[in-house]
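Here is the structure we will look at, set down as structure tokens.
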Amino acid sequence: MEWNITTLEELEDILWRCTACGNCKAAYNYGPPPEFGEICPAGAEFGFEGFMASKGKIAFARGILDGQLEWTDELLDAIYKCTVCAGCQNQCELDHKPFIPEIIEAMRRKSVKDGVGPMPTQKKIAQSMRSYNNPYQGPRRVRMDWTRPFKKAKKPIKDINKEPADILYYVGCTGAFNLPARGVPVATASLFQKLGLDFGILGEDEICCGSTAMRIGDADEFKRVAESNLETFKRLHEERGVNTIVTSCAGCYRAIKKDYVLSSEYDKIMGGITVIHTVELLNNLFKEGKLKFTGELPWKVTYHDPCHTGRHLTKFVIDKDGSQLWKGAYVGLNEEDCLYDVPREILQAIPGIEFTEMERIRDNSYCCGGGGGVMTGYGDWAAKNASKRIEEGMKTGAEHMVSICPFCHYNLNEGSRRIGSEMKLYDLVELLDQVIAEPK
Amino acid sequence: MLAKREDMILDELVSIVGKDNATAAKHIRYAYSYDLSFVTPKLPDYVVMATTVEQVQNILKLANRDKIPVVPYTAGSNIGGLCIPEQGGILLDLKRMNKIIRIDAESHYAIIEPGVSHAQLAMELYKHNLRWSWPVGPPSASVSSNALCHGIGGLSGRYGLNSEEITSMEVVLPTGELVRVGSCAIREDSWHSVLPMPQLDGLFKGWLGTSGVVTKMGVRVHPIPPILKVFTVSTHNLEDMTSYMVNLGNYEICDDLTGVSWWLSQVPIPYPYRPKPDGAPEWYCFGATYSWTKKEKEAREEIWQNVLDEEKKKGTSIQYADYPEEALKARTQLPSRIVGSTKNYTKMAGGGISWPGTFTPANKWAPVYNKWKEILIDHKLSPATRVTNYRGVHYGMLRAMIPFNKQSAEETENARHAIVECLKVDLDAGGIPYKPPVDFAAEINKRAHPGYLSLLKQVKQLLDPNDIMNTGKLGF
Ligand SMILES: Cc1cc2nc3c(=O)[nH]c(=O)nc-3n(C[C@H](O)[C@H](O)[C@H](O)COP(=O)(O)OP(=O)(O)OC[C@H]3O[C@@H](n4cnc5c(N)ncnc54)[C@H](O)[C@@H]3O)c2cc1C
Ligand code: SF4
Ligand code: SF4
């Protein structure tokens, strides 16, 4: 399988499109009324221009390429102190805009290739991936622990290796191994059962999607697991009748939708298979009248847009052959894949829910602070970022925050604990599971 | 030995601002070594982020003692390489001093720290239906730095330069001494006016950070009338446009009265130069005017219509014109994220922008522009030129926005050469460049009256005896 994963050198021309204007340092919209807010967790914390948004990251990339910057521990540290949230990307309007996260990750890939990256704590991820096929150093059998309540209740979940099913529920490592986030797969499977969906899981045979490896620059490890997953998807489609892959994890969703397409075989393998986030699947069923609420939830909530289900899924229109503007020009963007409205629609439809918005939302959502390998590399900083987001949520008067990513789930709850807040982060499926009863 | 001294200085800086706010790490310094202009990148030796006035004082005391250059920095978006350290030293990043200390919605002024950005102030002022003369630049850049450097914005046609809107300042002198100018010098919490005292604020305005570090600034702010009307016309040459702009300018009804050449009205500016389509007007003008009532708007429209009729009677090429919508938005919806990201200017060229930016009497606009056009086209650069009236009619901005491909040393040098040539033409016609890079400063000084230069040097010596502040930027 060939992969079209760019090197930093290949991005050299594109990163010279940056003017260092600094627009990317803050989220701002004219309005009226004008809206302004911090957008870069790294810049907000560390302050120096190099840490600030894409402006700073591009400076590092230029310095590395023009030979002025050699690898040092400090440079490496600065490159990894970034959640790859793409908040900065959203502010830029020049031709390199579509490539901004790519530039950041290409620097990381170069550091790994040059034998210096990732950060020592993150190296454990790579090691764990090689030993356990997941970033959590979790033994294979633990992957199934979350299914115990289902066995106990005599509602076993189909093992897709043994039985055919229309839907593969791709659980993801965070939901399976991260104890506080286990509520996510439990609620997902519970809902699917209540809704009578024909789904199965890979169980102990599931392996990591490769998102974390890709985000920290370990392209080889990403390719290894991605190739294996693509083969599995193909086999399940052909042999087990799987037509839909559904995941509740924003990281897996982003990886399969945006990183796997870099494979030369993607179209061939994935033809006929739909990849969908759980919440979109549920919202579709709701709109078709197949999902009905049976209970009420009198909660006051706000919603956090995960970067990976939001702006990371923006599609950029690039003038490839020069027929519209000039060769390589960034022409515009399309947000149809970004899950901004879908979760809000179904969340607000829950009887009893009182919904309020934070200031920084949708494409200008403030990152939970744990992505891009930061939770592993810089746990304290990740939690500190999350505290800021929780504080923003508290300002709305909401009691709880809702999101659709087990990663944000874990980190935002850490952030809340850190400041002694009563606010908890719930996954949307956890709310839905409470207001949808077993069919009689 | 040298390394030791550097370590000691860093230690001292760390003791002032804390270890997370001072560094000599090369990758951090590198990110401050260049900007979007043609100015050659240079590295500072240290980067320091101050958060309090006391820290700024202590940094300057240390720098003054050890004769280390200090470059004040807020966002570095000045388009003149003004924050690129000519002689290394300490890059003093002030962006974290970003408090809006007070908005006096009754007396219409705000007190801000240097790190307050246009975006931040716009959001807060809007809550009081107030505005500032927003530049067409990055919303993340500093309001006070813009004002200090004689910046201009969307209200300059009415109120003049943003530096004229400064009402008071607190400044740390290069020696570390804390001073105040304007009413806040007499009563600590009174920030309403620099007059009627001797205008000591002039010791810091237009000095490009070479005379002290401003730590607080009072600025006049203005109400936002609800009705916007933009008058748009076109002409085939700048002579006709100047006649119209001077005529309309007489009535002082526009917040912003700006003419732009065809190349500047394109989004983005064509790079390299391409001729405008045959028959397309060479100049467009927009006059933004705000009214409180419908009747007021109609009265303004009547004046404008009369002016247009008068100009037509003169037999000029003036016509009513639709101004390209995207370009118009960029001028009236300020601060603008889109134009601030430099899309309108350099998206096609890539990476670089510089300008011959000048204050030039209106009657010199056309002759200078016609020469600029020759020079720029000769260098394969678009003559993307802007003229703007400042408070009345006698003078205004004449500026060509020149994007270039910064990746190429050759194209950067080509732009620099063309721009400096343009500048010489303007200086010889009586214009004066603003936010001048060192290349421009040298040209100014060559032409300056010896008495001016001598006075400038004496004042600089008085304020900055060891020449530590943004050393070299004044071109001597
Ligand atoms: C696309 C684009 C369009 C622009 N359009 C306009 C425009 O329409 N009008 C306009 O006026 N400008 C314009 N600018 C220039 C610039 O963006 C603004 O003037 C901006 O507000 C400057 O702020 P800054 O934070 O970037 O200043 P910096 O570049 O950081 O600083 C400017 C100067 O002030 C000095 N300085 C900074 N802080 C202090 C301090 N506290 N005390 C003393 N000296 C200090 C610096 O040393 C430097 O010499 C434009 C820029 C761009 C990129
Ligand atoms: S990345 Fe875009 S917005 Fe940021 S400094 Fe560069 S050009 Fe400006
Ligand atoms: S991706 Fe996010 S954390 Fe990284 S530089 Fe951009 S805004 Fe900052």
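The values are calculated or read from the model by the stated rules, or taken from the named source; none is laboratory data. Predicted model only: the values in this text are computed from it and were never measured. Positions of Cβ are generated from backbone atoms using ideal geometry, with glycine treated the same way; all protein chains shown enter the neighbour counts. Only protein heavy atoms, including side chains, enter the accessible area calculation; ligands, DNA and RNA are left aside. Shrake-Rupley method; radii C 1.70, N 1.55, O 1.52, S 1.80 Å.
Points worth noting:
- For first residues located in the range B:50-78 and within 14 Å of chain A (Cβ to nearest Cβ) and of a type in the set (G, A, S), partners that are within 16 Å of ligand 2 (Cβ to nearest atom) and outside any loop (DSSP other than H, G, I, E, B) and lie 6+ apart or on another chain with Cβ distances below 6 Å form the pairs B:A75/B:S142.
- Residues being more than 16 Å from ligand 2 (Cβ to nearest atom), part of a helix (DSSP H, G or I) and open to solvent by 20 Å² or more (accessible area, probe 1.4 Å) - total across the range A:357-376: 3
- Residue match in the range B:98-114 (condition: open to solvent by less than 60 Å² (accessible area, probe 1.4 Å), within 11 Å of ligand 1 (Cβ to nearest atom) and free of Cβ contacts under 8 Å to residues at least 60 places away in the same chain): no
- Where A:G67 falls short, out of the listed (1) free of Cβ contacts under 8 Å to residues at least 24 places away in the same chain; (2) near ligand 3 (Cβ under 9 Å from one of its atoms): (2)
- Test result for B:G350, at the interface with another protein chain (Cβ under 7 Å from one of its Cβ atoms) and open to solvent by less than 10 Å² (accessible area, probe 1.4 Å): yes
- Pick from the range A:379-407, criterion more than 14 Å from chain B (Cβ to nearest Cβ) and within 14 Å of ligand 3 (Cβ to nearest atom), ranking: nearest to A:K300 (Cα to Cα): A:R389
- Answer residue from the range A:70-99, given it is open to solvent by less than 10 Å² (accessible area, probe 1.4 Å) and within 11 Å of another protein chain (Cβ to nearest Cβ) and is farthest from ligand 3 (Cβ to nearest atom) among those: A:D95
- Here A:T314 fulfils each of the conditions (1) open to solvent by 40 Å² or more (accessible area, probe 1.4 Å); (2) touching a Cys at 6+ places or on another chain (Cβ under 9 Å); (3) of a type in the set (S, T, Y) apart from (1).
- Top-ranked residue in the range A:52-69 [being near ligand 2 (Cβ under 10 Å from one of its atoms) and among the small types (G, A, S); ranked as farthest from the other protein chains (Cβ to nearest Cβ)]: A:S54
- The number of residues in the range B:399-416 being within 16 Å of ligand 2 (Cβ to nearest atom) and open to solvent by 10 Å² or more (accessible area, probe 1.4 Å) comes to 3.
- Odd one out for B:R5 among (1) within 14 Å of chain A (Cβ to nearest Cβ); (2) open to solvent by 30 Å² or more (accessible area, probe 1.4 Å): (1)
- Members of the range B:335-348 found to be more than 9 Å from ligand 1 (Cβ to nearest atom) and in contact with a helix residue (DSSP H, G or I) (Cβ under 8 Å, 6 or more places away or on another chain), listed by number: B:P335, B:S336, B:R337, B:I338
- Matching residues in the range A:104-123 - criterion: being on the phi < 0 side of the Ramachandran plot, open to solvent by 40 Å² or more (accessible area, probe 1.4 Å) and not aliphatic (A, V, I, L, M): A:K110, A:K113, A:D114, A:P120, A:T121, A:K123
- Contact annotation: residue pairs with Cβ atoms under 7 Å, 6 or more positions apart or on different chains, pairing a residue in the range A:94-106 that is small (G, A, S) with a partner that is open to solvent by 10 Å² or more (accessible area, probe 1.4 Å) and more than 10 Å from ligand 3 (Cβ to nearest atom), are A:A106/A:T6; A:A106/A:T7.
- Filter result for B:V136 (open to solvent by 10 Å² or more (accessible area, probe 1.4 Å), within 8 Å of ligand 1 (Cβ to nearest atom), among the β-branched types (V, I, T) and more than 11 Å from chain A (Cβ to nearest Cβ)): yes
- Among the numbered conditions (1) within 18 Å of A:G371 (Cα to Cα); (2) within 16 Å of ligand 1 (Cβ to nearest atom), the only one that A:K55 does not meet is (1).
- Among helices (runs of 4 or more DSSP H) entirely within the range A:51-133, having at least 3 residues that are assigned by TED's automatic domain parsing to the domain that holds A:G251 and of a type outside the set (S, T, N, Q) singles out A:120-132.
- Test result for A:G22, modelled with pLDDT of 95 or more, out of contact with any Gly (no Cβ under 9 Å at 6 or more places or on another chain) and either at the interface with chain B (Cβ under 9 Å from one of its Cβ atoms) or at positive phi (or both): no
- Per-region count, the range B:154-197, residues among the aliphatic types (A, V, I, L, M) and in contact (Cβ under 8 Å) with a residue 60 or more places away in the chain: 5
- Residue that is surrounded by the most Cβ atoms within 10 Å (Cβ to Cβ) [pool: residues in the range B:417-476 that are within 16 Å of ligand 1 (Cβ to nearest atom) and over 25 Å from B:G89 (Cβ atoms)]: B:I419
- Matching residues, the range A:26-51, being within 16 Å of ligand 1 (Cβ to nearest atom), closer than 25 Å to A:G117 by Cβ and in contact with a Ser or Thr (Cβ under 9 Å, 6 or more places away or on another chain): A:F48
- Residues that are surrounded by fewer than 20 Cβ atoms within 10 Å (Cβ to Cβ) and away from ligand 1 (no atom under 13 Å from the Cβ), drawn from the range B:65-96: B:R65, B:D66, B:K67, B:Q87, B:G88
- Considering residues of the range B:121-133 that are open to solvent by 30 Å² or more (accessible area, probe 1.4 Å) and of a type outside the set (S, T, Y) only, the residue nearest to B:L264 (Cα to Cα): B:M123
- Enumeration of residues in the range A:29-51 that are under 15 Å from A:Y366 (Cβ atoms) and facing chain B (nearest Cβ under 8 Å): A:N29, A:E35, A:F36
- Within the range A:144-157, restricting attention to residues that are part of a helix (DSSP H, G or I) and touching a strand residue (DSSP E or B) at 6+ places or on another chain (Cβ under 9 Å), the residue that is least open to solvent (accessible area, probe 1.4 Å) is A:T147.
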